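Report on the structure given below.
The values are calculated or read from the model by the stated rules, or taken from the named source; none is laboratory data. For clarity, every value in this text was computed on a predicted model and none was experimentally measured. With ideal geometry, Cβ positions are generated from the backbone for all residues, glycine too; neighbour counts draw on all protein chains shown.
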């Protein structure tokens, strides 16, 4: 079956004032529900990273897991979850961060990344860059090489890419202010 192009923005629902007033939340559950759109989004990310030598895909809790696990399978790479504090059972390191509307932290097992591993970081959304920067910092603290970061959605107007200067950053769908 040939995969036809999809306007992915038409598959993403915007929820005003969630999780707080003033935030226009990009709900990807509508895209995930559409098998063709989901497959197309994965294909677009795979095309962007196909020339990278990737050992491990690391993804942020929780929507990042959906994309990251599929991509790790397609790339024949390992998968490493970046979890909220207290969710991992073994020894961890922690990195705090700020998002567009909260403060939080990620943890990763101390043995999840081997020195020299080439890592693709995947998440559903790039907004202010806080979450992505925390992921980069965790991977690098364990000796991994971040070869690229891939996102389903980028809110360009929040300038998250600025926190990721020097890294290869790819996003499938970009939104400007007011979209």
Legend entry - Criterion: assigned to a loop (DSSP other than H, G, I, E, B), touching a helix residue (DSSP H, G or I) at 6+ places or on another chain (Cβ under 9 Å), over 22 Å from residue 23 (Cα atoms) and at pLDDT 95 or above - qualifying residue of 93, 113: 113
Legend entry - Subset tally (residues that are assigned to a strand (DSSP E or B), touching a helix residue (DSSP H, G or I) at 6+ places or on another chain (Cβ under 8 Å) and under 20 Å from residue 103 (Cα atoms)) for region 123-176: 5
Legend entry - Residues that are over 28 Å from residue 137 (Cβ atoms) and surrounded by fewer than 17 Cβ atoms within 10 Å (Cβ to Cβ), drawn from region 28-61: 29, 30, 33, 34, 35, 36, 39, 43
Inset, instruction - Find all pairs meeting these conditions: Cβ atoms under 6 angstrom apart; at least six residues apart or on different chains; first residue within region 68-84 and touching a residue at least 40 places away in the same chain (Cβ under 8 Å); second residue buried (at least 18 other Cβ atoms within 10 Å of the Cβ) and part of a helix (DSSP H, G or I). - result: 82/135
Inset, instruction - Run down 159, 174 and say which single residue is in contact with a strand residue (DSSP E or B) (Cβ under 8 Å, 6 or more places away or on another chain) and either on the phi < 0 side of the Ramachandran plot or surrounded by fewer than 20 Cβ atoms within 10 Å (Cβ to Cβ) (or both). - result: 174
Inset, instruction - Test residue 96 against the stated conditions and say whether it is touching a strand residue (DSSP E or B) at 6+ places or on another chain (Cβ under 7 Å), loosely packed, with under 15 Cβ neighbours inside 10 Å and either without any contact (Cβ under 8 Å) to a residue 12 or more places away in the chain or at negative phi (or both). - result: yes
Inset, instruction - Might you check whether a residue that is farther than 25 Å from residue 94 by Cβ and either surrounded by fewer than 18 Cβ atoms within 10 Å (Cβ to Cβ) or at pLDDT 95 or above (or both) occurs anywhere in region 123-145? - result: no
Inset, instruction - Could you figure out which of (1) touching a residue at least 60 places away in the same chain (Cβ under 8 Å); (2) closer than 22 Å to residue 48 by Cβ; (3) surrounded by fewer than 18 Cβ atoms within 10 Å (Cβ to Cβ) isn't true of residue 101? - result: (2)
